[in-house]
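**Q** My questions all concern the structure below.
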Amino acid sequence: QEYEEIGFEIEQWPEYKAKSPLGQAPFLEVVENGQTFQLGQSLTIARYLARKFDLAGKSAEEQAKAEMYADQVFDLLNEMVKVHFEKDITRKIEAANKLFTESIPNSLKVFDNKIAKNGSGYLVASGLTWADLFLADFLDRLREKKDILLSNAPAVKSLYEKVLDHPKVSKWIAKRPKTEKYLYQKPQNFD
Amino acid sequence: MVTYKLYYFNMKGRGELIRLLFAASGQKYEDFRIEKNDWPEYKAKSPFGQAPYLEITNGKKTMILSQSVAIGRYLARKFGFAGKGDEEQAMVDMYGDQISDLLNEFAKFMMEQDETKKQEIFQKLQNEIMPFHMKFFEAKLAQSKTGFFFDSGLTWIDLYLFNLLGLLGDQRNQLFEHFKAVKNLYDKVSEHGKIKAYLETRPETAM
C-alpha cells in the first residue's frame, strides 16, 4: 500500500501538533472518497492498518492473540522508555537490570515457545501478523544487546530473520531514513 | 458452547473492564478471584506470568488470553461493544489506548515506593496528566448525542473510563467539577440496566 510519510523536526512539532487528533504523533490521515479521517495512537493505527491489509490474523481468536503479543511488546517498549528517561542513576541501573535480565528474557521465552509450537514460524499459526513486525521492530532497538538475548530464544531469532528477509520489508529497511534515535521515544505531551 | 473463566485478584484494577463487559453483555462466566498467597500457582498458568487472564473453552479447545485490553477488545467485538465499522472501531481503539496511557500513569503513582517521588508523581498527575487526558475525553463526550463516547451506543471504552474513574475514589469529584460530560458518562454507565445490577452485587474492594 502506497502512503505519504511526513517526517518533521522537533522545531516544527507545534504546527503539526495543532493538526493532530490527540496532540501527539504519530498520527495517520486517511482520505477515502473525499472523506478525511484521522487516527492517533501508534498501536491503534497499527491495528487498523493490519485489519485492512490482512495482517491481523485469520480469526477473532488469532486477532486477539496477535493483540496480546503486541501489547506485551508495547509493555517492554514502555519499560525501556522509563529506563531511558530515569534521571536517578541508582534507579536507572536497577531498572535497566530488571529490563534486560528479567522482563525481556521472560517475554522472549514465552514468544519462543509459542513460535516453536505454531509450525508457521510466526507468532500465530496462520502466518505473518503485525505482532511479528512489532516484535522485530522492538528487537531492532536492542542493538548490540539483541544477539545475546536472542541466543536463548532461537525461534524468536528465526522469526526476526524471517521478517527482515520478507521481500517488501527488506525493501523498506534498505530505503528508510537512517535515524540516530534508536530508542522508542514517547511523544511529548507537555510543552 | 463457549465457556469463560476469568482469573484475577479480588480487586477491580485491570480486571474490572472484563467483568464489566461480561455484565453488559449478560454472558455468564466464572469470576475466579486469586488469593495473594496462591498467585505463584496461577502465575505459572498465565501466558506471560500476569493477570488478568481469560480461559476460553470451546468444546475440546481451550485458549488462554492475557493483556487486559486485548481481552477487552476480543470480548467487545464478540458482544457488539466495539463500535460499528472499521473506522469507528479504530476511533474507539484510539480513545481506548489513550485511557490505557492514563491508567499506566496512575499505576506508576500507585506502585511508587519512595514517598518523595510518589508526591512528585502525584502532583504531575493531578496538575498535568489527568487534565490533559480528561480534556480530550470531555471534548469527545460533549459532542455525543447519547452521552457515551460514540453515538452508536455503549462501547468498551465507556466501561474502561468508568472503571478508571472508579479507581480514583473520591478524587473523581474534583475532576467532575471541571469535566461535566465525563461526569455524565460516569453516571450513565452506573445507571445502564445490566451494569447497575452488577454494581449492586459486585464485591466491594478499595482498588
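**Q** Beyond 19 Å between alpha-carbons counts as too far, so tell me which of B:Lys78/B:Lys183; B:Lys12/B:Lys196; A:Lys65/B:Lys5 fall in that bin.
**A** Working: B:Lys78/B:Lys183 28 Å; B:Lys12/B:Lys196 16 Å; A:Lys65/B:Lys5 17 Å.
Table pairs above 19 Å Cα-Cα are B:Lys78/B:Lys183.
**Q** What ranking of B:Met134, B:Met63 comes out by heavy-atom accessible area, probe 1.4 Å, highest first?
**A** Details: B:Met134 0, B:Met63 25 Å².
The residues order as B:Met63, B:Met134, largest area first.
**Q** Quick one: the Cα spread of the range B:97-161 along its three principal axes, in angstroms, biggest first?
**A** Dimensions of the range B:97-161 along the principal axes of its Cα atoms: 45, 20, 14 Å.
**Q** Take the Cα coordinates of chain A, assign each an equal point scatterer, and use the Debye formula without solvent to give log10 I(q)/I(0) at q = 0.12, 0.14, 0.15, 0.20 Å⁻¹.
**A** So the normalised log intensities are -0.68, -0.93, -1.06, -1.58.
**Q** I've got another one for you. Taking only the alpha-carbon positions of the protein assembly as shown and ignoring solvent, what does the Debye formula give for the base-10 log of I(q)/I(0) at q = 0.10, 0.12 Å⁻¹?
**A** -0.71, -1.07
**Q** Chains A and B: how much accessible area gets covered up at their contact, both sides added, probe 1.4 Å, in Å² to the nearest hundred? It would help to have the intermediate numbers written out before the result.
**A** On the way: alone 12650 and 11320 Å², together 20860 Å².
That pair hides around 3100 Å² of surface in total.
**Q** Something else about it: Could you check how many percent of all C-alpha pairs in the range A:85-154 are farther apart than 16 Å?
**A** 55
**Q** Counting only protein chains, not ligands or nucleic acids, how are A:His84, B:His192 ordered by accessible area (probe 1.4 Å), most first? Could you put the intermediate results ahead of the total?
**A** Working: A:His84 75, B:His192 55 Å².
Correct descending sequence by accessible area is A:His84, B:His192.
**Q** On to the next question. Work out, in µm²/s and without decimals, the Stokes-Einstein translational diffusion coefficient of the range B:1-79 at 10 °C, 1.306 mPa s, Rh from Kirkwood over C-alpha pairs.
**A** Working: Rh = 12.6 Å.
Using the Kirkwood radius from Cα pairs, D works out to 126 µm²/s.
**Q** Just by accessible area at a 1.4 angstrom probe, what is the order of A:Glu161, B:Glu16, A:Glu61 from largest to smallest? Please list the in-between numbers first.
**A** Working: A:Glu161 85, B:Glu16 0, A:Glu61 60 Å².
Of A:Glu161, B:Glu16, A:Glu61, the descending order of accessible area is A:Glu161, A:Glu61, B:Glu16.
**Q** Taking each residue of A:66-75 in turn, how many C-beta atoms of other protein chains fall within 10 Å of its C-beta, and what is the average?
**A** On the way: counts 1, 9, 13, 5, 2, 9, 6, 0, 4, 4.
Average per residue, whole number: 5.
**Q** Show the residues, 5+ positions off or on another chain, whose built amide H is closer than 5 Å to the amide H of B:Leu154.
**A** Residues meeting the amide H criterion: none.
**Q** If you don't mind, another one. Can you give the accessible area per residue of the range B:124-166, in Å², using a 1.4 Å probe?
**A** Computed with neighbouring chains in place, this is 35 Å² per residue.
**Q** Viscosity 0.890 mPa s, temperature 25 °C: what is the translational diffusion coefficient of chain B from Stokes-Einstein with a Kirkwood Rh over Cα pairs, rounded to a whole number of µm²/s?
**A** On the way: Rh = 17.9 Å.
The diffusion coefficient I find is 137 µm²/s.
**Q** Compute the Cα gyration tensor for the range B:124-207, then decide on rounded, prolate or oblate, letting a ≥ b ≥ c be the square roots of its eigenvalues: rounded whenever a/c is under 1.5, prolate when a/b is larger than b/c in the other cases, and oblate in all that remain.
**A** Working: a/c = 2.17, a/b = 1.12, b/c = 1.93.
Oblate is the answer for the range B:124-207, as a/c is 1.5 or above yet b/c matches or exceeds a/b.
The values are calculated or read from the model by the stated rules, or taken from the named source; none is laboratory data. Quantities reported herein were computed from a predicted structural model and do not represent experimental measurements. Please note: Cβ atoms are built from the backbone with ideal geometry, for glycine as well, and neighbour counts cover all protein chains shown. All accessible areas refer to the heavy atoms of the entire protein, side chains included, with ligands and DNA or RNA removed. Shrake-Rupley method; radii C 1.70, N 1.55, O 1.52, S 1.80 Å.
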